[in-house]
Structures are given as structure tokens and as C-alpha cells.
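*Asks:* Before I ask anything, here is the structure I am working with.
The values are calculated or read from the model by the stated rules, or taken from the named source; none is laboratory data. Quick caveat, the model's predicted, so the values are computed rather than measured. We place every Cβ from the backbone using ideal geometry, glycine too, and count neighbours over all the protein chains shown. Note: areas computed on protein heavy atoms with side chains; ligands, DNA, RNA excluded. Shrake-Rupley method; radii C 1.70, N 1.55, O 1.52, S 1.80 Å.
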Amino acid sequence: MRPNLYTDHFNFSERPFSLLPDPDFLFWSKDHLRAFSILEYGLVTRAPLTVVTGEVGTGKTTLVQALLKLITDDITIGLISNAQGGRGDLLRWVLSALDVRSDPSADYVTLFEQFQDFVINEYAAGRFVVLIIDEAQNLTHEALEELRMLTNINSNKDEILQLILVGQPELRVRITDPSLRQFAQRVTATYHLEPMDLTTTRQYIRHRLTHVGGTGQEISTQAMRLIHETSQGIPRVINKICDLTLVYTASAGRSTVTVRTIKELLNDGVILPTRPLPLYLKNPIDIPSKVAE
């Protein structure tokens with residue numbers, strides 16, 4: 001196999017199914033449009049707290065990157081990924097994301113005053129502070145309460161601090177816990193991204209193929225059905241399967257990914273399922289006739 005893997009074989013300008021989040025490849029399914037509209041709504045209305053959740057690999061981080069393209073000069077953005085720790089640790093993450101230097105030995109009160117001064121000074125300069133926290137399901141109960149306390153800075157007419165939390169379904173479960181009802185009351189809007197259905201999966205795959213100069217027919221319709229069944233509609237897993245099946249197809253000198261190719265991939269065990277597979281996919285040799293070619 002040549003270094004380009006399969007791009008020359010299919011006359012693609014680049015790999016259509018890279019696993020890295022890339023807003024240029026963003027496929028606007030109905031679900032993603034709604035999730036993005038909630039993020040945009042939170043940004044435009046200066047909502048104190050906006051929450052978007054979804055399974056691993058459903059495209060949450062890609063949506064965040066698309067949102068960042070909307071940031072205007074009157075917004076100071078802080079992006080935090082995978083923040084962890086107890087009281088005070090989160091505040092250090094926040095200050096770091098805003099490029100505010102803090103003394104490692106400073107106590108919590110000093111750190112909070114430093115953060116508050118920064119937000120107020122930004123507001124005085126005509127800017128609003130927006131904190132986006134990705135992988136927010138890793139935040140502890142204590143950290144979520146700490147975030148709620150940070151929003152107390154919004155005591156006047158204008159919301160000068162906005163929080164956008166993006167995370168896995170556990171985050172949605174956590175913030176609906178009765179013990180966090182004060183936090184939940186400050187959430188202006190929330191949306192949960194669901195996995196793709198079969199029709200959307202096919203549209204997604206064709207979108208990716210045509211985006212790099214393909215015809216959209218490089219993967220057969222029946223193969224797409226099996227890809228959907230195997231991935232259970234998770235975009236990141238769809239990308240992984242499609243990428244590898246294109247490698248298999250190019251190395252065999254074929255022009256189209258078929259059900260046969262998917263069977264070979266599954267039989268070789270190169271795809272590790274992130275969820276329990278349907279029983280018939282555990283033995284892909286016996287795939288039902290609905291996906292047979």
C-alpha cells in the first residue's frame with residue numbers, strides 16, 4: 001500500500017473519513033443543526049448556562065469548533081478540555097484558558113478575586129467572557145457547584161459571563177440530580193445529540209465522499225446499511241469503519257466497498273465495538289439477507 005493509502009486509487013483530494021474533528025467536513029444533519037442552534041442561541045442571547053450532551057463520537061467537539069468560528073471581537077473565549085480536580089483546581093483551569101497568570105500558591109479567595117477582576121475589566125472594555133468546557137461529564141458535583149457560583153458575577157442587567165458545557169450523557173444525568181437543582185435552574189437551554197439513523201448515516205457517508213471529490217458511490221448502499229448496523233449510528237465509528245474499508249478495497253484493486261468488504265473487516269477483528277454489537281454482527285459470516293449482496 002502506498003503512503004497515500006487510497007486517495008489516488010479513488011481520486012480523492014484527501015481522506016474523507018479522518019478521525020480528527022474537522023469543521024470543514026461538518027455534516028448538518030437535523031440533529032446537529034438543532035444542537036448547533038442551541039449553542040448559537042446561548043451565545044447570541046448571552047445565556048448564563050448552555051448544555052449540549054451526546055454519546056462519545058457523535059460530533060460534539062466538531063460543533064464546538066464550528067461555534068468558535070462565530071466568535072466576534074466583543075467576546076473573550078476560554079476553551080477548557082477535560083478539566084478535573086477539586087475546589088480551586090477548576091478555577092486554575094479557567095484562568096489558564098483565559099491566559100490569566102496565577103500564583104501557584106494562591107488560595108481560592110485570591111484566585112476568585114483575580115477571575116472576577118478579569119471578567120469585570122473585560123466588560124468595561126466592551127467584551128463578554130465565554131467559557132466553553134468540553135468533556136464536562138468529568139466535572140465533579142463540587143466542580144459544577146463551583147461553576148454555578150462563578151455565574152453569580154452576573155448580578156446586573158447584562159450577562160457578562162457565559163458558560164457552555166459539552167459532554168457525554170452522564171453530564172445530563174448529573175445536572176438533573178435533585179442535589180444540583182440550583183445549577184439546573186440556571187441552564188437556559190440544553191440539547192442531547194442522538195446517534196444517526198440509517199437514512200442520515202447514508203447521507204453522512206455520501207457527504208464525506210463527495211466533499212473530497214468522490215462520486216458518493218464508492219461505498220455501496222447495502223454496505224452503508226451494514227456500516228450503520230455495526231457503528232450503531234455513531235459518526236466517529238462510522239468514520240473508522242469507512243476509512244478502513246476504503247483501505248481494504250484499494251489494496252484489493254476494487255472500485256467499490258461492498259458488504260463483502262465489511263465482512264472481511266469484521267472477521268479480521270480490526271474494529272473494536274464501543275457498544276455491544278447486535279447478535280448477528282458478532283458472527284459476520286451469518287449476516288442477514290437484508291444486507292447481503
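*Asks:* Could you please let me know if residue 135 is under 20 Å from the mean Cα position of the chain (by Cα), open to solvent by 30 Å² or more (accessible area, probe 1.4 Å) and touching a residue at least 12 places away in the same chain (Cβ under 8 Å)?
*Replies:* Judged against the criteria, residue 135 is a match.
*Asks:* Would you point out the residue of region 184-198, among those that are in a loop (DSSP other than H, G, I, E, B) and out of contact with any helix residue (DSSP H, G or I) (no Cβ under 7 Å at 6 or more places or on another chain), that is most open to solvent (accessible area, probe 1.4 Å)?
*Replies:* Residue satisfying both the conditions and the ranking: 197.
*Asks:* If we scan region 55-62, do we find a residue that is among the charged types (D, E, K, R) and either closer than 24 Å to residue 122 by Cα or touching a Phe, Trp or Tyr at 6+ places or on another chain (Cβ under 8 Å) (or both)?
*Replies:* For region 55-62, residues among the charged types (D, E, K, R) and either closer than 24 Å to residue 122 by Cα or touching a Phe, Trp or Tyr at 6+ places or on another chain (Cβ under 8 Å) (or both): absent.
*Asks:* To continue, here is another question. Show the residue pairs that are 6+ apart or on different chains and have beta-carbon atoms under 6 Å apart, the first residue being within region 213-241 and farther than 19 Å from residue 20 by Cα, the second being open to solvent by less than 10 Å² (accessible area, probe 1.4 Å) and outside any helix (DSSP H, G or I).
*Replies:* Partner pairs satisfying both residue conditions: 219/257; 223/257.
Conditions tested, residue by residue: (1) modelled with pLDDT under 90; (2) over 21 Å from residue 47 (Cα atoms).
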residue	(1), (2)
95	no, no
100	no, yes
104	yes, yes
109	no, yes
114	no, yes
136	no, no
156	yes, no
162	no, no
172	no, no
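*Asks:* Being surrounded by 13 or more Cβ atoms within 10 Å (Cβ to Cβ) and either out of contact with any Leu (no Cβ under 9 Å at 6 or more places or on another chain) or in a loop (DSSP other than H, G, I, E, B) (or both) is the filter here, so list the residues in region 171-183 that pass it.
*Replies:* Listed by number, the residues that qualify are 172, 176.
*Asks:* Take the conditions free of Cβ contacts under 8 Å to residues at least 60 places away in the same chain and part of a loop (DSSP other than H, G, I, E, B) and apply them to residue 102. Does it pass?
*Replies:* It is true that residue 102 is free of Cβ contacts under 8 Å to residues at least 60 places away in the same chain and part of a loop (DSSP other than H, G, I, E, B).
*Asks:* Only helices (runs of 4 or more DSSP H) wholly contained in region 208-272 count here; list those with 3 or more residues that are buried (at least 22 other Cβ atoms within 10 Å of the Cβ), in contact with a strand residue (DSSP E or B) (Cβ under 7 Å, 6 or more places away or on another chain) and modelled with pLDDT of 95 or more.
*Replies:* Where helices (runs of 4 or more DSSP H) fall fully within region 208-272 and carry at least 3 residues being buried (at least 22 other Cβ atoms within 10 Å of the Cβ), in contact with a strand residue (DSSP E or B) (Cβ under 7 Å, 6 or more places away or on another chain) and modelled with pLDDT of 95 or more, they are 235-251.
*Asks:* Within region 50-62, track down each residue that is at pLDDT 90 or above and within 12 Å of residue 132 (Cβ to Cβ).
*Replies:* Listed by number, the residues that qualify are 50, 51, 52, 60.
*Asks:* Something else about it: Out of all the residues in region 16-54, which are open to solvent by 60 Å² or more (accessible area, probe 1.4 Å) and in contact with a strand residue (DSSP E or B) (Cβ under 8 Å, 6 or more places away or on another chain)?
*Replies:* 34, 41, 45, listed by residue number.
*Asks:* Quick one: residue 205 ticks every box in (1) in contact (Cβ under 8 Å) with a residue 60 or more places away in the chain; (2) crowded, with 17+ Cβ neighbours inside 10 Å; (3) not in a loop (DSSP other than H, G, I, E, B) bar one, so which box is it?
*Replies:* The single condition residue 205 does not satisfy is (1).
*Asks:* So which of 118, 112 is surrounded by 15 or more Cβ atoms within 10 Å (Cβ to Cβ) and closer than 20 Å to residue 71 by Cβ?
*Replies:* Step by step, each of 118, 112 is checked, and only 118 is surrounded by 15 or more Cβ atoms within 10 Å (Cβ to Cβ) and closer than 20 Å to residue 71 by Cβ.
*Asks:* Let me ask you something else. Scan (1) part of a loop (DSSP other than H, G, I, E, B); (2) touching an Asp or Glu at 6+ places or on another chain (Cβ under 9 Å); (3) open to solvent by 70 Å² or more (accessible area, probe 1.4 Å) for the single condition residue 83 breaks and write down its number.
*Replies:* (3) is the only condition that residue 83 fails.
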